[in-house]
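What follows is calculated from the coordinates using simple rules that are stated; it is not laboratory data. Being a predicted model, the structure only gives us computed values, none of them experimental. Don't worry about glycine lacking a Cβ; one is built from the backbone with ideal geometry, like all the others, and counts go over all protein chains shown.
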Ligand code: RB5
C-alpha cells in the first residue's frame with residue numbers, strides 16, 4: 001500500500017482529518033501535514049511542502065486541500081515531479097490517475113462535502129495509471145521540467 005501524505009490550509013483541516021482517519025482504517029500509512037487548526041495560513045507553503053514530500057518518497061501519493069483546491073494545486077505543481085489534479089467529481093478522480101498519472105489529488109473544502117471527498121480519494125487510490133500513449137504525454141511534461 002502506498003504511503004499517503006495529506007495536507008491542507010486552514011479551510012481544509014476538518015476534511016483532511018476525516019480523510020486521514022478513513023485511510024488509516026483502510027490500512028494506509030498516512031502522514032498528516034499542514035495546518036492543524038483554523039488559524040489562517042498559506043496554501044502555497046503547504047502545497048509546496050506536500051509535493052516535495054510526495055516527490056521525494058517514491059511510490060507515495062498526496063492529497064491537497066484548500067478552500068477551492070486551486071491555490072494548493074498550483075503551488076504543488078511548481079515542484080518538479082509533482083502532478084496534482086484538481087477534482088470535484090468521480091470521473092475526474094479516476095481520469096487523473098488513468099491518463100495523467102497524477103500523484104496528488106487536490107480538492108476544495110469549501111466546494112464539496114467531506115463524504116464526497118472521501119469517495120474521490122478512494123477512487124484516486126484504487127485506480128492505476130494506464131501507461132501507453134498516456135506515458136508518452138506525461139514524459140513530455142517530465143522532459144520539459
Ligand atoms: C483561503 O481563504 C483561500 O484563498 C484558499 O483556501 C484557497 O481557496 C486558495 O486557492
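Miscellaneous remarks
- Of the residues making up the range 18-43, those that are free of Cβ contacts under 8 Å to residues at least 40 places away in the same chain and within 14 Å of the chain's Cα centre (by Cα) number 7.
- Members of the range 20-68 found to be in contact with a strand residue (DSSP E or B) (Cβ under 6 Å, 6 or more places away or on another chain), assigned to a helix (DSSP H, G or I) and within 22 Å of residue 108 (Cβ to Cβ), listed by number: 20, 23, 43, 46, 47, 50, 53, 54
- Among the numbered conditions (1) surrounded by 15 or more Cβ atoms within 10 Å (Cβ to Cβ); (2) assigned to a helix (DSSP H, G or I), the only one that residue 115 does not meet is (1).
- If you go through the range 76-112 and keep only what is surrounded by fewer than 15 Cβ atoms within 10 Å (Cβ to Cβ), without any contact (Cβ under 8 Å) to a residue 60 or more places away in the chain and either within 16 Å of the ligand (Cβ to nearest atom) or assigned to a strand (DSSP E or B) (or both), you end up with 78, 111.
- Selected residue (criterion: surrounded by the fewest Cβ atoms within 10 Å (Cβ to Cβ)) from residues of the range 49-75 that are within 9 Å of the chain's Cα centre (by Cα) and either in contact (Cβ under 8 Å) with a residue 60 or more places away in the chain or within 16 Å of the ligand (Cβ to nearest atom) (or both): 61
- When the residues of the range 120-133 are filtered to those that are surrounded by fewer than 16 Cβ atoms within 10 Å (Cβ to Cβ) and assigned to a helix (DSSP H, G or I), the one that is nearest to the chain's Cα centre (by Cα) is 126.
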